[in-house]
1. Without any contact (Cβ under 8 Å) to a residue 40 or more places away in the chain, touching a Lys or Arg at 6+ places or on another chain (Cβ under 7 Å) and not aromatic (F, W, Y) - does that describe any residue in the stretch 500-507?
2. Counting only residues that are surrounded by fewer than 15 Cβ atoms within 10 Å (Cβ to Cβ) and modelled with pLDDT under 90, give me the strands (runs of 3 or more DSSP E) lying completely in the stretch 692-781 with at least 3 of them.
3. Looking at S191, S220 in this structure, which one is within 27 Å of T323 (Cα to Cα) and without any contact (Cβ under 8 Å) to a residue 60 or more places away in the chain?
4. Filter the stretch 176-185 for residues that are more than 15 Å from Q232 (Cβ to Cβ) and buried (at least 19 other Cβ atoms within 10 Å of the Cβ) and give the result.
5. Which of the residues belonging to the stretch 79-108 are at pLDDT 75 or above and under 16 Å from the mean Cα position of the chain (by Cα)?
6. Looking at S556, is it over 26 Å from I392 (Cβ atoms), touching a residue at least 60 places away in the same chain (Cβ under 8 Å), hydroxyl-bearing (S, T, Y) and surrounded by fewer than 16 Cβ atoms within 10 Å (Cβ to Cβ)?
7. (1) surrounded by fewer than 22 Cβ atoms within 10 Å (Cβ to Cβ); (2) part of a loop (DSSP other than H, G, I, E, B); (3) out of contact with any Lys or Arg (no Cβ under 6 Å at 6 or more places or on another chain): which one isn't true of D573, the others all being true?
Amino acid sequence: MRGRAEFRAAFRKGESYLGDKSSCAENASAVNFTSCSSTQGLNNACVGKIPFSAGRSIGRSHTPVRGYSVTSSSTVSAHTAASVIVAVVEGRGLARGEVGMASIDLKTPEVILSQFADNTTYAKVITKLEILTPLEIIMPNTSCEAGNATKLFALITEHFKNVTFTTVQRKYFNETKGLEYIEQLCASEFSTVFMEIQSKYYCLAAAAALIKYVEFIQNSIYAPKSLKVHFQGSEKTAMIDSSSAQNLELVTNNRDSRSGHTLFGVLNYTKTPGGSRRLRSNILEPLVDAETIKTRLDCVQEFLQDEELFFGLQAVISKFLDTEQLLSILVHIPKQDTVKNAESKITNIIYLKHTLELVEPLKVSYAALRSCNTTLLKAYYNALEDRRFGIILEKITTVINDDTKYTKGCLSMRTQKCYAVKPNINEFLDIARRTYTEIVDDIAGMIAQLAEKYSLPLRTSFSSARGFFIQMNADCSTLPSGQLPSEFTKVTKTRNTYSFTSADLIKMNERCQESLREIYHMTYLIVCKLLNEIFEHIHCLYKLSDIVSMLDMLLSFAHACTISDYVRPEFTDTLAIKQGWHPILEKIAMEKPVSNNVYLTEGSNFLIITGPNMSGKSTYLKQIALSQIMAQIGSYVPAEYCSFRIAEQIFTRIGMDDDIETNASTFMKEMKEITYIIQNANDKSLIIIDELGRGTSAEEGIGICYATCEYLLNLKAFTLFATHFLELCHMDALYPNLENYHFEVQHVRSSAGKKEKITYPYTLSKGYTEEKNYGLKAAEVSSLPPSIILDAKTISNHIAKQILVRSSNL
Ligand SMILES: Nc1ncnc2c1ncn2[C@@H]1O[C@H](COP(=O)(O)OP(=O)(O)OP(=O)(O)O)[C@@H](O)[C@H]1O
């Protein structure tokens, strides 16, 4: 048997599987990246070039992408850390306005390309970036040369204040290189993407800069034919601009960014990070294809009808880790063999085994479905029959121990990694593991001896930061001399627990680490060989992660239906909701809000909603937009019955507070929003406008509202327009496609007959409101002093009389 020195030398000689590590990001040494946070301002954006040195992290917010975030709670949080890097480039000269984007999530080996024409507001770029929630945005240095920022650069830096910006020399935005990279890196199953992107120069240019940059900062390269490349035109999804998403509180709550009082919060019962990501992106970009939506609804219906299937699938799905992240790490080839990289690859193989072992239980919980007619579920079942899952698992189990499994807790995971490879594959590894076990036993023995020596209840503990250390539950008073023996060092105390170590234990920890490093290195070489063998089959994991995240989202929709009484939507030419209610208000209030109807058809496509303050107008408008979005992502809807016309865009203009940050006045903000709607709305839009023209005088406000309504009345879009300007209600005489509805309030006099009390039934009725001076009435029930209210009434009567006189003189 050879000695330890020998086998250390042997594994140092051990061939790395990495082979030739030059990749498509070859010779990136010429790259000059400049990074800044937009908060540093534009001038700073162009200074501080970072000389190229591999592995150097650029930008202040790069987070290492190691390990898996496994949620301990049953529901996955929406607030997962940003990990998306996006490259954006705009055409020049005549091509200005043509924008190319490429993005990659560091946790997912998927490149998303898009290219589209954007008008002067660049609303599509901003919306797409909002959806991606980037960690970092890279743009060509020409977009802010010599302090002269292009409009697009200025808008993006203004909008994404907390995102790191990096400028890259324009030459790296090279479409020919982009196409080459995609050809090299795109997995064969996704090769149809070439047909879509071949003449899309800007997204290819963005892809070139992005891939080169990501490989540089990650200090690794992507394995050939390993990435999912996907072209995302904007035509397959409904467009919801970022301010509408904010107004409707789709994924963030306007008052508290961490609050779950959003549509995402209402629907999120997902169990995996992938499912939660999918739900979020669907809410922000609902589908427009009725057939796809229908197949999703069929699944949700199936889950609701078959409890066993629902619980069975949910139980298996919740065991999946982040499959996309697993794939992402699998396709990265590190440029250096470090202990950390070695450990991460071993963790990977354990996660991969864990994931593949779940395919069979997933199929079993599906078994009952073989005869069902739900196309999507059938397709998923067939996809799970893919032989490659079995092939990979078989190969893994020839090398990895059958009982090696993913566990929680750093010590048990360390043990799993240590003993992952079967015995008798490498004799040096077996020796190193025996040594490791002996050291661990010695540590336990030594702590037992110390316990006996000092008659203290000592126990062995472990943390990844400290390694092995000693813990003891005791009160100071129970210690022999009121303090711990001097042999114990680095003492910390939390409540009644002392944690400490000793000089001998530190030495033994070092020996333990040394032997662990040897084990990891040898295991790593074996794992790398195994990964090389299975690499050609791993693309089936793309399908698996797709299935898991989609099922997770659909199960989550079914789960939401069990909490509240939602109904399956229909898709027709009419927007008809019977007794619908606001889903987020229901979650906040913990009781069902008052429900209402809505009916819009091509012949009656414009509703004006009036009513006193606080009567429920905004809530009603938002509830309709939220229901439309829920229906278009394949979820059931809070109503007794509902039918929707697929909306290609959803626009909202809802009165919010002044935007102090951008220093935009209320009026300018609403003008911007309404301009955007007018420029982009078409016959298939759903438009929600609440209180337009409140930022200027009443006469001007009415004028602006009237002209806007006239413009929109000539479209076939479905529009709901809430206003306090009762003058608009008379437009029904001119436009047969306009109808008036209103919310009433009830005035109740107290028994003494003095003070009037207002109650809000929140029910919608036909016609317009008869209420007069309701602003003053609402003020009366507020805490405004009575003397001021009295003054306000007198002045308001006076002005009303003046207006009457003026109009009779005309
Ligand atoms: N259908 C409903 N069921 C229960 N509560 C409701 C309903 N609609 C509104 N409310 C409650 O009434 C409050 C005021 O509603 P909302 O903001 O929609 O009124 P509004 O008519 O738009 O008021 P304003 O004109 O002052 O903006 C909401 O915050 C909500 O708590």
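The values are calculated or read from the model by the stated rules, or taken from the named source; none is laboratory data. Note that this is a predicted model, so its numbers are computed, not measured. Using ideal geometry, Cβ is built from the backbone for each residue, glycine included, and neighbour counts are taken over all protein chains shown.
1. Going through the stretch 500-507, the residues without any contact (Cβ under 8 Å) to a residue 40 or more places away in the chain turn out to be 500-501, 503, 506-507.
Narrowing further to those that are touching a Lys or Arg at 6+ places or on another chain (Cβ under 7 Å): 500-501.
Adding the requirement that they be not aromatic (F, W, Y) leaves 501.
Yes.
2. Numbers: elements: 718-722, 738-743, 746-749, 756-759, 764-766.
The strands (runs of 3 or more DSSP E) meeting that bar are 746-749, 756-759.
3. Details: S220 fails: without any contact (Cβ under 8 Å) to a residue 60 or more places away in the chain.
On inspection, the qualifying residue turns out to be S191.
4. Applying the first criterion (more than 15 Å from Q232 (Cβ to Cβ)) to the stretch 176-185 yields 176-181, 183-185.
Residues satisfying the conditions are K177, G178, L179, Y181, L185.
5. Start the filter on the stretch 79-108 by keeping residues that are at pLDDT 75 or above, which leaves 82-92, 98-108.
Residues satisfying the conditions are A82, S83, V84, I85, V86, S103, I104, D105, L106, K107, T108.
6. Numbers: over 26 Å from I392 (Cβ atoms): yes; touching a residue at least 60 places away in the same chain (Cβ under 8 Å): yes; hydroxyl-bearing (S, T, Y): yes; surrounded by fewer than 16 Cβ atoms within 10 Å (Cβ to Cβ): no.
It is false that S556 is over 26 Å from I392 (Cβ atoms), touching a residue at least 60 places away in the same chain (Cβ under 8 Å), hydroxyl-bearing (S, T, Y) and surrounded by fewer than 16 Cβ atoms within 10 Å (Cβ to Cβ).
7. Only one criterion is unmet by D573, namely (3).
Residues checked against (1) closer than 30 Å to Y706 by Cβ; (2) of a type in the set (A, V, I, L, M); (3) within 29 Å of the chain's Cα centre (by Cα):
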residue	(1), (2), (3)
E533	no, no, no
S545	no, no, yes
L554	no, yes, yes
F557	no, no, yes
V567	no, yes, yes
G580	yes, no, yes
N597	yes, no, no
T601	yes, no, no
L607	yes, yes, no
